[in-house]
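Chemist: Pasting a structure below so you can have a look.
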Amino acid sequence: MKRNTRLYLYLIILGYFCIVTSCQNDIEKINILTDINKMPVESAKEVTTIRSDSGKIQLYMTSPQLDRYQSEQSYTKFPKGLKVFFYDDYMNVKMMLSAKYAVNYEDRRIFELKNNVVIIDYKKGDTIYTESMVWDQSRKTISSDVLVKRINKDGVLYGEGFDADENFNEYTLRRPRGTITVENE
């Protein structure tokens, strides 16, 4: 009986020791997790946005998740990416844009897309791949400062970035290189 009591006492002490040593709180980690300023004020899953003008759809956007933050600088994150379809006046998809991550800084009117950014221009037959792109809504420009790959029926071109108007009607690759097929007449 004395032996069982001693074993029981050892188990209680061991259990208490395990609980005390395993429950250490890192105040910095707790503050980060509970800081209300770093939490979204609005969050939504499976988001669909349609923008139209005079009854004509201009764009259709989908995203698995949207998080809106309010602080000194308001912004909206798309942490799981987005896909945007742009339409012409006849309701045909003229361009598609996708990225694995995006953030829209509303006050600065800057929209950044990152991680596997793809732009498909169905009218021109161009597909552009890059890892980062910035849409400056105030200047009405789109640009990239990182490696860009453009594929179309004429071949493949690489560039060290690109500059375009916000409708992507005209764009230029920075320092282009690659092969292009040219037909002789």
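Chemist: State yes or no: is residue 127 of a type in the set (S, T, N, Q), within 20 Å of residue 59 (Cα to Cα) and part of a strand (DSSP E or B)?
Modeler: Against the criterion (of a type in the set (S, T, N, Q), within 20 Å of residue 59 (Cα to Cα) and part of a strand (DSSP E or B)), residue 127 qualifies.
Chemist: Looking at segment 45-77, which of the residues that are charged (D, E, K, R) and within 19 Å of residue 110 (Cα to Cα) is most open to solvent (accessible area, probe 1.4 Å)?
Modeler: The extreme case among them is 72.
Chemist: Now for a separate question. Hey, among 134, 117, which residue is in a strand (DSSP E or B), under 22 Å from residue 152 (Cα atoms), at pLDDT 90 or above and not basic (Lys, Arg)?
Modeler: Result: 117 is the single residue among 134, 117 that is in a strand (DSSP E or B), under 22 Å from residue 152 (Cα atoms), at pLDDT 90 or above and not basic (Lys, Arg).
Chemist: Right, another one. Can you say whether residue 94 is over 16 Å from residue 111 (Cβ atoms), touching a strand residue (DSSP E or B) at 6+ places or on another chain (Cβ under 8 Å), without any contact (Cβ under 8 Å) to a residue 60 or more places away in the chain and part of a strand (DSSP E or B), as far as the supplied structure shows?
Modeler: On the way: over 16 Å from residue 111 (Cβ atoms): yes; touching a strand residue (DSSP E or B) at 6+ places or on another chain (Cβ under 8 Å): yes; without any contact (Cβ under 8 Å) to a residue 60 or more places away in the chain: yes; part of a strand (DSSP E or B): yes.
So residue 94 fits the description; yes.
Chemist: Also, quick follow-up: I'd like the full set of residues that are open to solvent by less than 80 Å² (accessible area, probe 1.4 Å) and not in a strand (DSSP E or B), limited to segment 137-159. It would help to see each step written out before you state the result.
Modeler: Taking segment 137-159 first, the residues open to solvent by less than 80 Å² (accessible area, probe 1.4 Å) are 137-138, 141-144, 146, 148-152, 154-157, 159.
Selection gives 137, 138, 146, 154.
Chemist: Select from segment 142-185 the residues that are touching a residue at least 24 places away in the same chain (Cβ under 8 Å) and aromatic (Phe, Trp, Tyr) and list them in ascending order.
Modeler: Selection gives 162, 168, 171.
Chemist: Let me ask something else. Quick check on residue 80: is it without any contact (Cβ under 8 Å) to a residue 24 or more places away in the chain, surrounded by fewer than 16 Cβ atoms within 10 Å (Cβ to Cβ) and under 12 Å from the mean Cα position of the chain (by Cα)?
Modeler: So residue 80 passes the test.
The values are calculated or read from the model by the stated rules, or taken from the named source; none is laboratory data. For clarity, every value in this text was computed on a predicted model and none was experimentally measured. Note: ideal-geometry Cβ built from the backbone for every residue, glycine included; neighbour counts use all protein chains shown. Accessible surface is based on the protein model in full, side chains and every heavy atom, while ligands, DNA and RNA are left aside. Shrake-Rupley method; radii C 1.70, N 1.55, O 1.52, S 1.80 Å.
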